Every structure is written in structure tokens, then in C-alpha cells.
1. Quick check on the range 114-137: of everything there that is of a type in the set (D, E, K, R) and more than 19 Å from D263 (Cα to Cα), which residue is surrounded by the fewest Cβ atoms within 10 Å (Cβ to Cβ)?
2. Any residue at all in the range 275-286 that's modelled with pLDDT of 75 or more, surrounded by 13 or more Cβ atoms within 10 Å (Cβ to Cβ), under 16 Å from the mean Cα position of the chain (by Cα) and not in a strand (DSSP E or B)?
3. Given the structure, is H3 surrounded by 12 or more Cβ atoms within 10 Å (Cβ to Cβ), modelled with pLDDT of 90 or more, over 23 Å from G206 (Cα atoms) and over 26 Å from the mean Cα position of the chain (by Cα)?
4. Looking at (1) part of a loop (DSSP other than H, G, I, E, B); (2) modelled with pLDDT of 85 or more; (3) over 29 Å from V154 (Cβ atoms); (4) small (G, A, S), find the lone condition where S87 falls short.
5. Of the conditions (1) farther than 30 Å from L172 by Cα; (2) assigned to a loop (DSSP other than H, G, I, E, B), P39 clears all except one; give me its number.
6. Out of the residues in the range 317-332 that are of a type outside the set (A, V, I, L, M, F, W, C) and either in contact with a helix residue (DSSP H, G or I) (Cβ under 8 Å, 6 or more places away or on another chain) or at pLDDT 90 or above (or both), state the one that is nearest to R291 (Cα to Cα).
7. Taking the condition of being more than 20 Å from R320 (Cα to Cα) and either touching a residue at least 40 places away in the same chain (Cβ under 8 Å) or assigned to a helix (DSSP H, G or I) (or both), how many residues in the range 171-199 meet it?
8. Which residues, counting only those in the range 183-217, are touching a helix residue (DSSP H, G or I) at 6+ places or on another chain (Cβ under 7 Å) and under 17 Å from E140 (Cα atoms)?
Amino acid sequence: MHHSSFPQTSASSHALVAHGWDAGWEAEFAPHAEQGLLPGRVVRVDRGLCDVVTAAGTVRADTEFVVPRDPLKVVCTGDWVALDPESADPRYVRTLLPRRTAFVRSTSSKRSEGQILAANVDHALVAMSLAVELDLGRVERFLALAWESGAQPVVVLTKADLVPDPVTLAHLVQDVETSAPGVPVLTVCARDGEGVEELAGLLGRGTAVLLGASGAGKSTLANALAGVDVMDVRATRDQDGKGRHTTTTRNLLPLPGGGVLIDTPGLRGVGLWDAGGGVGQVFAEIEELARGCRFHDCAHASEPGCAVRAAVEDGELPPRRLESYRKLVRENQWIVAKSDARVRADVRQDWKRKQAEGRAAGDAKRGRSPWRPAPPR
């Protein structure tokens with residue numbers, strides 16, 4: 001797949017505007033342009049290779065030169081990269097531009113491992129299906145990660161046609177709004193286009209990532225926003241809302257009104273990853289009430305003078321909200337402690353290895369024994 005290279009001028013990069021290129025990225029890329037590298041945005045990643053859209057078209061690229069130890073720094077859909085000029089197929093990604101935002105989740109409740117789902121995102125769309133009972137705790141969990149990423153969250157209630165009664169629909173929207181302070185909540189029926197234009201207008205020309213469980217109607221919504229059937233959609237059983245995984249990789253799709261959409265596979269687990277600030281924003285009213293507690297480190301359990309528990313007793317704060325808040329705070333504290341412990345263990349192991357190598361090198365110098373490298377880690 002060979003494409004002719006193009007001159008590194010500001011005008012030439014405008015071919016990437018449809019994929020989110022702007023003056024900020026232009027300035028960030030300038031040192032790489034001087035080295036003759038080409039800018040591009042990652043639209044898909046697949047086992048060490050990625051598809052990168054450039055001003056000359058989409059090319060296949062190898063990520064061999066940018067494989068870090070930290071899984072949160074691997075090449076991801078949405079990244080801006082510097083590529084080899086026309087020379088080989090696949091090209092090589094030489095470096096990643098610093099990310100403006102990153103959507104990260106914990107991959108496991110048992111291990112402290114993070115996974116980056118999308119990079120350089122302006123809006124995080126949390127899709128929830130109205131075909132099943134709304135799980136408000138799951139909404140709050142997604143929103144905590146969205147706020148932590150640096151993106152603006154938006155809750156999209158899909159399959160609105162399955163709730164024909166407007167009063168019931170209004171109550172469902174109100175329940176979600178209570179669980180999502182400061183977050184727009186939109187209802188859409190992607191099949192007939194209802195609410196899609198309003199959502200597209202809200203997203204503007206930025207980058208949005210589409211998140212949700214399998215069967216939440218993400219691929220149908222992606223098709224409606226993109227204006228074409230770009231994603232394979234398989235029928236979902238409406239009685240239980242369960243669908244097959246139709247999206248298996250993260251893909252970046254340009255939208256007709258400007259901006260781009262990153263569609264992700266259905267997420268079974270949404271573990272928090274160092275999202276203390278995000279949790280605080282999702283439960284802004286609890287954090288506000290907590291300022292009135294007698295003790296600054298009040299756990300809102302049995303301490304005297306707890307303003308949060310008083311609000312629950314007075315009917316101001318739903319008990320479910322406090323329970324959900326406690327759960328997410330506990331989970332986040334656990335994952336932070338686990339990841340901190342892992343970092344400390346890595347540093348300790350590195351230190352021991354360097355010590356052993358230093359001793360072995362010293363012994364070799366003094367002729368005591370041949371130098372042997374430390375065992376592999």
C-alpha cells in the first residue's frame with residue numbers, strides 16, 4: 001500500500017482536519033516535521049499493527065519502535081503519531097504525540113492493570129439501552145471514568161421507541177439526570193433517527209468515544225451518526241436487551257457534520273482506574289454535603305455529626321446514591337493501593353537487579369569471577 005508523500009506545510013495537513021487535526025496538533029508536530037516524518041491519526045489497532053490515516057490516505061503501520069513497558073502508553077485508537085515517510089509497507093510509527101485526554105479502565109478486579117480504550121477524546125458517550133431495566137450504578141461507574149479521562153461525558157439512552165409512554169420515559173430520564181449531575185442526558189432511537197441530530201450537534205467537530213455494554217445499541221448509533229452502515233449490526237433480543245458483540249476492535253469514524261467517533265467493543269467490566277476525581281464529580285452533591293460533616297475524614301457510616309447521613313434520613317439524598325458512592329470510593333482506593341504497591345515492587349526489583357549487576361561488575365574487575373548478567377526478570 002504505497003502513497004506519495006506530501007510537502008510538510010500547514011496547508012497540506014488540512015486533509016486531516018476531518019480527523020481532528022488543528023493548530024495545536026500542528027504546533028506539537030512541528031519538530032517531527034523538521035525530521036521529515038508524516039503526521040497521522042490511528043484509526044484502528046490490531047496485534048502490533050495499526051491503520052493510520054494520513055493526508056495521503058490510510059496506511060498500515062508497525063508499532064515496533066513504540067512498545068513501552070507501561071500498558072497505558074501503548075498505541076491506541078485516537079492517538080496522533082509521527083510516521084516514516086514513504087519508504088516501506090508497513091510504515092513504522094516513530095513516536096506518539098502527547099495525549100490531551102485518555103480513557104482508561106482497570107482490566108481486572110483481581111489485578112492492578114490498566115487498559116487505555118481511546119485517546120484524545122473530547123466527549124465520552126455512555127450508551128444505555130432502554131430495552132432493559134436501567135442500571136444506575138453502571139451509569140455512575142462509566143461517568144466516573146469519563147470525567148477522569150478529561151472528556152465531557154454524555155449519557156445516551158438508546159432504543160427510546162421501546163418506551164412508548166412519554167411519562168415513563170420522562171421518569172427514566174429524570175432518574176439518570178439525578179445520577180449524572182452536570183451531564184447532558186439524551187434519548188435517541190437510532191433506527192428512525194430520532195434524537196440523532198441533536199446528539200451530533202452537541203458533539204460538534206471534536207472526537208467522541210462511544211461506550212457501553214454489549215447490546216446497548218452502540219453500532220446502530222454509530223451508523224446513524226456516521227450516516228452510513230459502517231458497522232456490522234446484528235439483531236438484539238429486545239426482551240432481554242442482550243446482543244452479540246458486533247464490534248471487536250476500536251474504530252475511528254469521520255462524521256458527516258465534522259468530528260470523529262471512536263466506536264468500542266461492548267464492555268463487560270468497567271473497573272475504575274485511579275478515578276478519585278471522577279468519582280467526586282459524579283457524586284458532586286455528596287462531596288458538597290460532606291463539607292458539613294463534623295470530621296473531615298468522615299466515612300459517612302456511623303460517625304457522629306455526619307451531614308451526608310442526615311441528608312439521607314431527611315429524604316434529600318437517595319440511599320442508593322450513598323451506597324453507590326461508598327462502593328466506588330472503596331474500589332478506587334483498592335486499585336490505587338494495588339497499583340502503587342506494584343510500582344513500588346517494580347522499583348525495588350530494578351534496584352536489586354542494578355545492585356547485583358554492580359557487584360558482579362566489581363568482582364569481574366578484581367578478577368574474582370567472570371561477570372554474569374542478572375537473571376531475566
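The values are calculated or read from the model by the stated rules, or taken from the named source; none is laboratory data. Source: prediction; values computed, not measured. Heads up, the Cβs are rebuilt from the backbone with ideal geometry, glycines too, and the neighbour counts pull from every protein chain shown.
1. Step one: of the range 114-137, the residues of a type in the set (D, E, K, R) are 122, 133, 135.
Those still in the list that are more than 19 Å from D263 (Cα to Cα) too: 133, 135.
Working: E133: 9, D135: 11.
The residue in question is E133.
2. Yes, the conditions are met somewhere in the range 275-286.
3. no
4. (2) is the only condition that S87 fails.
5. (2)
6. First, pick out the residues of the range 317-332 that are of a type outside the set (A, V, I, L, M, F, W, C): 318-321, 323-327, 330-332.
Next, from what is left, pick out any that are either in contact with a helix residue (DSSP H, G or I) (Cβ under 8 Å, 6 or more places away or on another chain) or at pLDDT 90 or above (or both): 318-321, 324-325, 327, 332.
Values: P318: 18, P319: 18, R320: 20, R321: 17, S324: 19, Y325: 16, K327: 20, N332: 21 Å.
This residue is Y325.
7. 5
8. Result: V183, P184, V185, L186, L210, L211, G212.
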